[in-house]
Each structure stands twice: as structure tokens, then as C-alpha cells.
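Below is one structure, written out as C-alpha cells; the observations come after it.
The values are calculated or read from the model by the stated rules, or taken from the named source; none is laboratory data. Predicted model, so just to flag it, every value in this text is computed and none were measured. Reconstructed Cβ throughout: ideal geometry from the backbone, glycine too, with neighbour counts over all protein chains shown. Calculation scope for accessible area: heavy atoms of the full protein, side chains included, ligands and nucleic acids excluded. Shrake-Rupley method; radii C 1.70, N 1.55, O 1.52, S 1.80 Å.
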Amino acid sequence: MENRLRILRAERGWSQAELAGHLDVSRQAVNAIETGKYDPSLPLAFKVARLFGQSIEQIFLDEVK
Amino acid sequence: MGAQINAGWADRLGSTARVTLIVVISILGIFMIGMVAGFSYAVFEDGKLPTKPLAYIIFAAMIGFAALVGWVLATLIRSLRPQSMSGFDRRYWRMWAVIVGLSIPIGIGFVMLGVSDRANGISLVLSNSPIAPLTAILGSLALGVLLIASAVIYHRTIDDHEERAYLWGSTIAFYFLALAFPLHWLLARGGIVPVLTIGVALLLILLSCIVQAIAWALLKFR
């Protein structure tokens, strides 16, 4: 699934490790989400959305649309 | 977010000295395992627990010394890691330290059980010779506690991404076992491979664990 996580992270000047710290996950998890190799669970997607103050749909792009 | 790592005395050593010490201690550790195996071979007879209290004191001293060496090694390795860690990383590495700490004494115990099998001394944990009932009960309890405690600690600590890697790894390992056992059975009936023994079964389970670990690592670190 495509997402805007890398862009949102870059806007804040955070490294993957720093974002992982904010989300309480491993750096590998952030990297896997950013590269589209892993789709986060709904609770983690909500956590990402809350952190960046956006809705899930604004961050994770529905490929069907 | 991050917490400073304070490795104390290790920070005062140069990085070359620390790496050298890690290599030297690791080599010494291999020799120590050999010493423990040799000692076990000397005091265990036919899989029975030793009767002399001195044997237990020496075992306790060995485990204490192994814990000390493990702590020195962990401190040295920790001092070489990046200077800040997130809360998740700290919990994660602490979890591995606890699991390894639980595994080492139990692992040594199982090696001792294998070494005590004088007829098949090199077969170690794959040994299938009789042991004393008390040893069997203690071994089963230790293994049960280790596996259950490790699983609970592990699954409570890891994140969503690793949980998925673990579950897929386990699924692939199950398919491996589900294929390996009937294949072996059929091939054994055809006389192509030896009849399935407990040793072969344990080996297949060990191979499935390796398959699980490889799949887990590929999914976690790709």
C-alpha cells in the first residue's frame, strides 16, 4: 500500500529511528511501512494518523481509487 | 525520546580495545562451554543427578561465572551501539537479555544431559538413552517454564511488524513440517531413507525452527 509517511517524516526533519521512537515501534517497522513492504495494523495506522494530525486516508492511499 | 547508554567502565576503553575484548571473551566462552561439558561428563553417570554437594557448588559457580562473563560481554557490545535508544529499543533488548539469561543455564543443563549419555557422548540433545525420573521431571519443567515464559515476554514486547514476521515464519515452518514428516514416512517405506526415529523427528523439528528463523529474519530485516 502506498503512503505519505516518508514525506510527512521529512517535513518534520525526523530520522526513521526518531519516528519509530514516537510510534513506539522498531526502526525496521517504519522502514517497511515507508517502502510499502508492510501495511500497518489498524491501531498502528491510527497512531500514525494521530501523530501527524491527519486522517488515515490522507496518509495511506487507497490503491483502488 | 532517547536515553543515554551508560556503559561505565567500557566507555573508558578505546573501540579497538573493546572489539578485541569481545573477540577474546567470545573465544574463551567457547572453551568454557567445553569445560562445562567435560565437567558434566565427569560427574554425571547414566543420566543421574550427582550425589556429591560439591558438584552442585561447582555448577553454581560455573553459572555465576558465565553470568559475569555474559554481563561483561553485553556491556562491551552495548557500549559500541549508538548513544541513544528509544523506549521500544530498550524494552526490546532487555527482553532478549532476559530470554538469553533464562536459556543459558537451561541450555547448559540439556547439554549436560546429552553429555551424560556415555554410550553416545557426541549426540548431545539428540540422545535418547534412559535418564533418571527426577532428571526427566526437572528437565521437562525447566523446558516448559523457559518456552512459556520466553513466548509471553517476547509477544508482549515485539511490535506489530515483528509479530507479523513471526507469524508468517511460523506458518512457513508448519508447512515445512507438514511436508517433511509424510515425505520421510513415504520415502522410509520405500527403503530410500532410514525409518523415522526420535532422533530424526527432533532433527526435523530443529530444521523447522531454522526455517522459521530464516523466514522471520527475511521479513523483519528485508
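For region A:17-33, indicate whether the set of residues that are within 14 Å of chain B (Cβ to nearest Cβ), among the acidic types (Asp, Glu), open to solvent by 60 Å² or more (accessible area, probe 1.4 Å) and not in a loop (DSSP other than H, G, I, E, B) is non-empty.
Yes: one or more hits.
Which residue, of A:Asp39, A:Asp62, is part of a loop (DSSP other than H, G, I, E, B), away from every other protein chain (no Cβ under 14 Å), open to solvent by 30 Å² or more (accessible area, probe 1.4 Å) and at pLDDT below 95?
Only one candidate passes the filter, namely A:Asp62.
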